[in-house]
1. Among Cys298, Ile323, Phe335, pick out the residue whose Cα is farthest towards the positive end of the charge dipole of segment 282-335, where Lys and Arg carry +1 and Asp and Glu carry -1 on C-beta, about the Cα centre.
2. Is the shape of the chain best called rounded, prolate or oblate, per the rule: a/c under 1.5 gives rounded, else a/b larger than b/c gives prolate, else oblate, with a ≥ b ≥ c the square roots of the Cα gyration tensor eigenvalues?
3. Taking 8 Å as the Cα distance limit and 6 or more residues as the minimum spacing, I'd like the relative contact order of the chain as a percentage.
4. When Rg is the radius of gyration of the Cα atoms in segment 250-324 and Rh is its Kirkwood radius, what does Rg/Rh come to?
5. With the contact rule set at Cα under 8 Å and sequence spacing of 6 or more, what percent relative contact order holds for segment 155-381?
6. Pick out, from Ala25, Tyr173, Met361, the residue whose Cα sits farthest towards the positive end of the charge dipole of the chain, with +1 on the Cβ of Lys and Arg and -1 on the Cβ of Asp and Glu.
7. Taking the Cα-to-Cβ direction at Phe209 and at Glu133 and moving 7 Å from each Cα, how far apart do the two end points lie in nm?
8. Would you mind working out the magnitude of the charge dipole of segment 186-278 relative to its Cα centre, with +1 at each Lys and Arg C-beta and -1 at each Asp and Glu C-beta, to the nearest 20 Debye?
Amino acid sequence: MDYIFPEYYKKFKCIADRCPDTCCAGWKIMIDDKSLKKYNKYKGDFGNRLANCIDWKEGSFHQYDKRCAFLDENNLCDIYSEAGKEYLCKTCRRYPRHYEEFENIRELSLSLSCPVAANIILKEKELPELITEKREMPLEEYEYFDFLLYTKLLQLREMYFDVLSNKSYALNYKMAFLLATAHDIQTRINKNEIFEIDNLIEKYSGDDFYRKSNIVFSKYCDNYDMGMKARRDVFDNLFLLEVLNDEWTPFLRQCRDNLYSDSADTYIGEKKAFKADYLPNEQEYLNLLHYFVYVYMCGAVYDDDLYTKIRFAIVNVLNIMEIDNAVWKISNRSFDFEMQNKIVYRYSREVEHSDINLKHMEELILNGKEYSYERLLNAILMI
Ligand code: SF4
């Protein structure tokens with residue numbers, strides 16, 4: 001079995017009671033069957049507590065005031081301290097490590113929703129290399145796994161990472177490139193012309209393609225009215241999602257009021273001022289784009305929908321950019337890494353840590369006109 005992970009993956013260490021926002025509150029923690037059996041057999045006073053604080057029907061820990069029933073007042077886990085590390089359920093043992101499963105391959109990542117993981121991901125000075133480790137495991141055979149498509153997606157992802165690393169391309173060009181090429185390749189996937197992907201990758205890799213696509217993209221540049229409307233419409237859909245933290249919606253509303261109440265000229269002026277003020281942001285946004293592409297893109301092997309995965313990655317980064325800009329305005333034009341870190345892990349918790357929200361986002365992207373090719377190019381290339 002191959003285990004693939006970004007080079008920063010092994011840097012993670014939980015800081016437990018020093019964590020600014022524990023992961024054991026705000027969402028329901030589901031328990032795997034093996035752990036449920038262990039909890040069921042546990043004897044004594046703590047066994048009674050386990051019996052009472054688990055929703056056995058649903059297979060989850062009870063919550064008090066949105067906090068896990070086993071989280072103590074110092075934000076430490078009572079299961080860990082009373083029963084031992086080996087009694088943690090799979091979710092708690094793994095988090096924030098995330099696994100995507102493919103035939104004989106596991107792709108590992110750190111979830112952005114953990115403040116420490118977000119810190120590691122955002123702080124990367126260069127985009128991380130992907131490491132492959134071989135582990136002795138019985139071979140798997142998935143009944144309907146399209147290995148050819150998966151291989152092409154891997155090639156394509158490698159090309160995307162090369163483009164994201166290219167220092168001579170601007171960030172907005174890189175996003176537009178991902179969007180345009182995913183749009184193009186999707187038509188081949190729909191026609192089952194998977195072999196064509198090789199030719200397309202070759203075409204996209206030449207400098208000539210860069211020159212020609214720049215000409216096409218230039219018609220979307222500096223269109224402030226359309227750009228602002230496109231970003232606002234995408235941002236507004238965040239209000240349609242299930243809310244995990246009660247403070248999230250008032251925070252989003254405050255951001256929206258600060259961003260979109262003035263004219264497009266004022267809006268763009270604020271964007272330029274923020275960009276000039278918060279210089280390191282470009283690498284952070286690239287790291288985020290890399291994260292979303294890495295985690296989600298190859299899932300297209302299961303639904304043949306590459307274009308939605310790439311749009312999801314781009315839209316998340318655009319939304320985070322918008323929130324950053326709003327927070328900078330709200331904070332009297334000041335912004336630092338700590339603020340960025342908090343925005344990113346809170347955003348990820350809301351969007352990525354609810355299966356309902358992931359599904360809803362996917363449907364919105366698939367069906368909403370605000371995610372059309374033209375609209376997204378307007379949103380990306382406006383500045
Ligand atoms: S959010 Fe991350 S750092 Fe904080 S307690 Fe959870 S795993 Fe540890």
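1. Phe335
2. Verdict is oblate for the chain.
3. Working: 441 pairs, mean separation 85.4, N = 383.
After rounding, I find 22 percent.
4. Details: Rg = 15.2 Å, Rh = 14.1 Å.
On the Cα set of segment 250-324, Rg over Rh gives 1.08.
5. Result for segment 155-381 is 35 percent.
6. Ala25
7. Output for this residue pair reads 3.3 nm.
8. Using only the charged Cβ atoms, the result is roughly 300 debye.
We did not get these values from a lab; they are worked out from the coordinates using the rules stated. If you're wondering where the values come from, they're calculated on a predicted model, not measured in any experiment. Ideal geometry is used to build each Cβ from the backbone, glycine not excepted, and the neighbour counts take in all protein chains shown.
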